[in-house]
């Protein structure tokens, strides 16, 4: 485990689609560093042959749905919360990429 | 310098189910925008996925048909990235414990067999669609496609030419067609293919820098794009230009690949186990049940056709490439009892007609019984081979019964000596020069005269009889 | 019956059945009570004056229920106390809300919470903090602070909270009410806006153990919309309300009585254990050796899952969208930077970091392995005991603002509640005493998976033999 510097926080902020001003960057870098320092306690444990747990209840397996149609939402409900729409589409600012 | 090409393919296949992968919305193409959506496939806050059993079974079926091993413990993972066609900004996919792995497809290129290893076949969900109105500074999002069950079929980098890639795709599509799990329609996007391609000096062990090529809408496109990319990379190496690892889009109009510049930072998908879905363990017995219920696949059917119907290998390969053709052939061959003749009709006139219409052989709408009755009429001498083509065409156009067409249009072959003699007499009278030519030893004048008699009888005369009578008359 | 608002659901049900009490009177009194005290407590983010009973004859017929603001109620603002979800009206009810409506409950409002349930103090809400009814300068706990404060302040009869690392039990403890986190999978999460999917569970916050059993009975059960909901029958939990712990083996883990824990808390809990002994329970010393690693594992797993769960809040389909974005990525960044509060950002950053390339094995995978160890600790312990008794929190309620700038010390206030979430176990907090400053103290009882009945038996017996749950704050 390592500690986190401002560059790492900046990178993680971009991955998370968050922008941080200098003050926030200072604040979070410091706080995250101290949280990670606390978390590094886990290194005391040897977990080499331990299986990871993603689900606490291991008996849960093979949960399926039958392939049977259910009513979709009325389009009006789909778009009712939309900040911006055009006809029956959600409207978003243009995607700037070499597409 | 000589180069060798290394290609790996990733195929995305939409599975043909009633409903989407994780919700009960219809899995249907072409509905009005956002009309096939619900909180789950829209990724609304609080919604949760539940796996479609049918999609899962389809996936297992494909994996087994491709000779894959099924993972002991199957789990789903989240692939995190931001894009507006991805409602949750993560895609439910599979990362380190995919559904299946280690399969194979055998292809034949230039008469040589080659094994292409399948690295993995895994399940994931499709994204929605972005529409970019011409000239607008915004985009529109339709989530109907979001959540459609997808299979990703990934090869090892075993393909060494664009032609092999083409053959692999053709073979894959053929197998998928037999399994009836997808309509495999590239134009509708139910089958999509991305390619990774690199080159290296012949004999070199280490791989060159790979380039990902996208946006190919047909197998031919894939072949063309890879041919172009192969050339582009070789030229770059010759010119000492560094090949960059990147994604390039195929531009079919210009016939070139174009770099897809992205503002995005290097991708970091932050995969982790999807906590909203539980693990899946498929019982060994269930796997064996599915395996034993697999349909006969193209290769087995080809061998059987050669054996059972005494077809040449070429015919058997052509007829088994596509499940509908294979089934149609088999049915027609059984009804008519004339396998080779049926094969000729299907591979000849019928293939031409279905290609011209861009539809499958079944969609021509000619029943196996109708095809058999056409063949029977030729056999019995009721119609000539030439007329038969006309009857076939009519039967397909009008959906009428071939025998009825023959009757209504009076196409029955003239085998009555008297009628033919009359026609022969008329032709001989009009073609004195040819008669003379024939008598002077120009034997091919006979062919011309036969043609004239056929014309006179509107093609209905029995050609053998015409020949016989003509020869007799000319000999007099 | 006077002061209908301070009654339990059980008492009100009896009054409706036997004395013809009009359920509208209960609602009216509650609305009056809210009008009188909520300006000081600020437990509610939405009071539904038009709330009405849609079904009669159910287990909660005519009983008003408050739900935490991260539980979807069809057509009503459901915001997780976040600016980014302001105005979001879900198209459907959460499964628990549907079940409540079917049981005849009246959905009377939404309770305040820490933004997206990120917090232990209810201070990170975009609506401002909720105040502890026992001391208005103190926090009510969190993240289900609004739910606990509403019940403690007699503004609600019963409430639903959600618990990811203690978010039901910790505020219940600090507000002197009963809060139960059911076994993971016992209650459907469909319609609960996810914080950490593998840890979240909805549960009841009530004035006593009987109401807890009634409310759990109404919301528990298999749901085909939630793959992680378990398909086992729901027992009649009220049958487990037996005033008898004779022979019940109660484990007391030494790792929960450490330095740093408040003296009043420690004494109250020890006294509670003595009471159990006197009532005939068998008290067993046990060890849960990996307890000290639970907070670390939790603050990897929770934020990691949250960073992914919260990715969908991007301004495309619902909620806030920042104006004047020059392109799509700019819109994402502006919307999220403006819409999320500090704690949400902190957890998103932390979780993203723990999952990012090169760090996954060291953080996320490691945490999941430690999670296995913690689970094994409990499995081993439950060979020697039927349930485990611990303090719910290391201290009574702290002052508003006291830990606001020290996230780590805030995180440590969940130290005793987190292990049950990591192991998926049911746990309850019941009132077991008061500090010298007259602040409530809670006793936590944890049991094996799906052994909620054991919890109810132990908690009910304690309640029948003590008066702590009857005390009410002076407001």
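Things worth noting here:
- Calculated [θ] (222 nm, deg cm²/dmol) that DSSP helices of n ≥ 4 give over chain B, each run adding -39,500 (n - 2.57): -12000 deg cm²/dmol
- Compactness of the stretch C:19-135 is given as radius of gyration and Dmax, 14.6, 47 Å, from Cα positions.
- Orientation-averaged projection of the stretch A:45-99 equals 10.5 nm² [convex hull of Cα atoms, one quarter of hull surface area].
- Using alpha-carbon coordinates, inclination of helix B:323-336 to the longest axis of chain B, degrees: 30
- Remark on the stretch B:3-286: Rg and Dmax equal 19.3, 58 Å (Cα only).
- Listed peptides B:276-283, C:429-436 by packing density, highest first (mean Cβ within 10 Å): C:429-436, B:276-283
- Percent of alpha-carbon pairs separated by more than 19 Å within the stretch B:417-475: 16
- Relative contact order (%) - criterion: Cα under 8 Å, at least six apart; region: the stretch B:74-199: 19
- With the convex hull of its Cα atoms as the shape, the stretch B:1-64 has an orientation-averaged projected area of 8.0 nm².
- Here, the stretch C:25-92 has an Rg and a Dmax of 13.4, 39 Å when only alpha carbons are counted.
- One Cα centroid belongs to the stretch C:413-475, the other to the stretch B:341-395; the line between them spans 82 Å.
- With helices as the sole contributors, chain C gives -10500 deg cm²/dmol at 222 nm; each DSSP H run of n ≥ 4 counts as -39500 (n - 2.57), and the sum is divided by every residue.
- Look at where the Cα atoms of the stretch B:275-295 and of the stretch B:422-476 average out, and the two centres are 71 Å apart.
- Likely footprinting exposure, C:225, C:113, B:353, fewest C-beta neighbours within 10 Å first: B:353, C:225, C:113
- Cα centroid separation, the stretch C:23-77 to the stretch B:26-68 (Å): 38
- Expressed as a fraction of 2.2 N^0.38 Å, the C-alpha radius of gyration for the stretch B:375-473 is 1.20.
- Here, P(r) means the percent of Cα pairs in each 20 Å bin from 0 to the largest distance; for chain B it is 19, 41, 25, 12, 2.
- Extents of the stretch B:129-260, largest first, come to 47, 45, 24 Å (Cα atoms, principal axes, whole angstrom).
- To the nearest ten degrees, helix B:385-398 and the longest principal axis of the Cα atoms of chain B are 50 degrees apart.
- Along its first, second and third principal axes, ordered by size, the stretch C:68-138 spans 38, 28, 16 Å in Cα coordinates.
- Two-decimal ratio, chain C, of alpha-carbon radius of gyration to 2.2 N^0.38 Å: 0.91
- Column: log10 I(q)/I(0), Debye, Cα scatterers of the stretch C:292-369, q = 0.11, 0.19 Å⁻¹: -0.34, -0.79
- Gyration tensor (alpha-carbon) shape descriptor, the stretch B:237-387, a/c threshold 1.5: oblate
- By the Stokes-Einstein formula, at 1.306 mPa s and 10 °C, the protein assembly as shown with its Kirkwood radius over alpha-carbon pairs has D equal to 48 µm²/s.
- Exposure proxy ranking for B:132, B:122, based on other Cβ atoms within 10 angstrom of each Cβ and starting from the fewest, stands as B:132, B:122.
- Order of C:386, B:183 under a 10 Å beta carbon neighbour criterion, fewest first: B:183, C:386
- Degrees between helix B:298-308 axis and first principal axis of chain B (Cα, 0 to 90, nearest 10): 30
Coordinate-derived values only; no laboratory data. Quick caveat: nothing in here was measured; it's all calculated off a predicted structure. Methodologically, a virtual Cβ is constructed for each residue, glycine included, from the backbone with ideal geometry; neighbour enumeration extends over all protein chains shown.
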